[in-house]
1. Tell me, please, whether a residue that is of a type in the set (Ser, Thr, Tyr), in contact with a Leu (Cβ under 7 Å, 6 or more places away or on another chain) and at pLDDT 95 or above can be found in the range 133-150.
2. Anything in the range 240-273 that is touching a Cys at 6+ places or on another chain (Cβ under 9 Å) and among the small types (Gly, Ala, Ser)? List them, or say none.
3. Pick out the one residue from Thr190, Thr183 that is farther than 15 Å from Val84 by Cβ, part of a loop (DSSP other than H, G, I, E, B) and modelled with pLDDT of 95 or more.
4. Can Thr188 be described as surrounded by fewer than 18 Cβ atoms within 10 Å (Cβ to Cβ) and β-branched (Val, Ile, Thr)?
5. Determine whether Ser107 is within 17 Å of the chain's Cα centre (by Cα), closer than 23 Å to Val241 by Cβ and either assigned to a strand (DSSP E or B) or at pLDDT 95 or above (or both).
6. Please go through (1) in a loop (DSSP other than H, G, I, E, B); (2) more than 22 Å from Ile249 (Cα to Cα); (3) of a type in the set (Ser, Thr, Tyr); (4) touching a residue at least 60 places away in the same chain (Cβ under 8 Å) for Thr165 and return the number of the only condition it doesn't satisfy.
7. Within the bounds of the range 239-252, is there any residue that is within 18 Å of Ser120 (Cβ to Cβ) and either assigned to a loop (DSSP other than H, G, I, E, B) or not hydroxyl-bearing (Ser, Thr, Tyr) (or both)?
8. What tally of residues in the range 78-132 results from selecting those that are of a type in the set (Val, Ile, Thr) and in contact with a His (Cβ under 9 Å, 6 or more places away or on another chain)?
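The values are calculated or read from the model by the stated rules, or taken from the named source; none is laboratory data. This is a predicted model, so every value here is computed, not measured. Positions of Cβ are generated from backbone atoms using ideal geometry, with glycine treated the same way; all protein chains shown enter the neighbour counts.
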Amino acid sequence: MRFITTLTALLSALTHLVLAAPLTEQRRARLAAKRAAATPRILGSHPLIPADGINASSNGNNSHVQYSSNWAGAVLIGSGYTTVTGTIVVPMPKAGSGAGGKASSASAWVGIDGDTCSTSILQTGIDFTYTNGQVSYDAWYEWFPDYAYNFDGISIKAGDTVTMTVTANSKTGGTAVIENQSTGKTATHTFSAQSAALCETNAEWIVEDFESGGSLVPFANFGTVTFTGASARSGGGTVGVNGATIIDIQQGSKVLTDCGTSGSSSVYCRYIG
């Protein structure tokens, strides 16, 4: 989940100037500030945050066994996960029910770890934001607890078919790949010698509500996001999503998503907030 911290006086001033801008513009401005100040980027991801106080059956789907304030989707829990992949059609977001006129955002991504192993996550995905009738997108990669970084040279728009893949070549190195099949463009980042080692015990297909300024941003109405071709490599073989833990976002007493699996290689999440 994305969050904002004060790194330098320059960055604080810049953040103030772009606070009301769409997320894409904020990120571009912050990236410029980061380069000028030689400081880390201020956007990052966060492990699953459990949510309590609601019975699974109240959502009308008894297969839901876990609720979270920030993650929705499916998680495989096991061992030896080294590759996770999935393909989505990029949604056209709208303002979420709790937006109150503010920007609404969400992120769709695939990853390794972050649930039962909360010390690190290798992930890649797409942010989508709705602000006053305008929509913006960012493709990014991350090895938590380091910050997230945008890919350069790849554009995303509503309706594009995008494949996301992460691969751990070791517990401290690997790759993140975003392929826009609609445009033929691919972006890749290689990680090496990361300080936080993976456990390789979780494989994930997630729609996330992330943080800004220490609190969750208004969650965008993303319609439906479906990860097709969802699979993971484990122990030298390929596994699908059968047996995955299904997660829905619950904030307060309200459930905002309805997620599940369809067959052995599809994960869906619907916005119901």
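1. Checked the range 133-150: at least one residue is of a type in the set (Ser, Thr, Tyr), in contact with a Leu (Cβ under 7 Å, 6 or more places away or on another chain) and at pLDDT 95 or above.
2. Restricting attention to the range 240-273, the residues satisfying the condition of being touching a Cys at 6+ places or on another chain (Cβ under 9 Å) are 246-249, 257-260, 267-270.
Result: Gly260, single match.
3. Result of the check over Thr190, Thr183: Thr183.
4. Criteria met by Thr188.
5. yes
6. Every condition holds for Thr165 apart from (1).
7. Filtering the range 239-252 for residues within 18 Å of Ser120 (Cβ to Cβ) gives none.
For the range 239-252, residues within 18 Å of Ser120 (Cβ to Cβ) and either assigned to a loop (DSSP other than H, G, I, E, B) or not hydroxyl-bearing (Ser, Thr, Tyr) (or both): absent.
8. Our first condition is that a residue be of a type in the set (Val, Ile, Thr); within the range 78-132, this holds for 82-85, 87-90, 110, 112, 116, 119, 121, 124, 126, 129, 131.
Filter once more, so that each one left must be in contact with a His (Cβ under 9 Å, 6 or more places away or on another chain): 121, 124.
Number of matching residues: 2.
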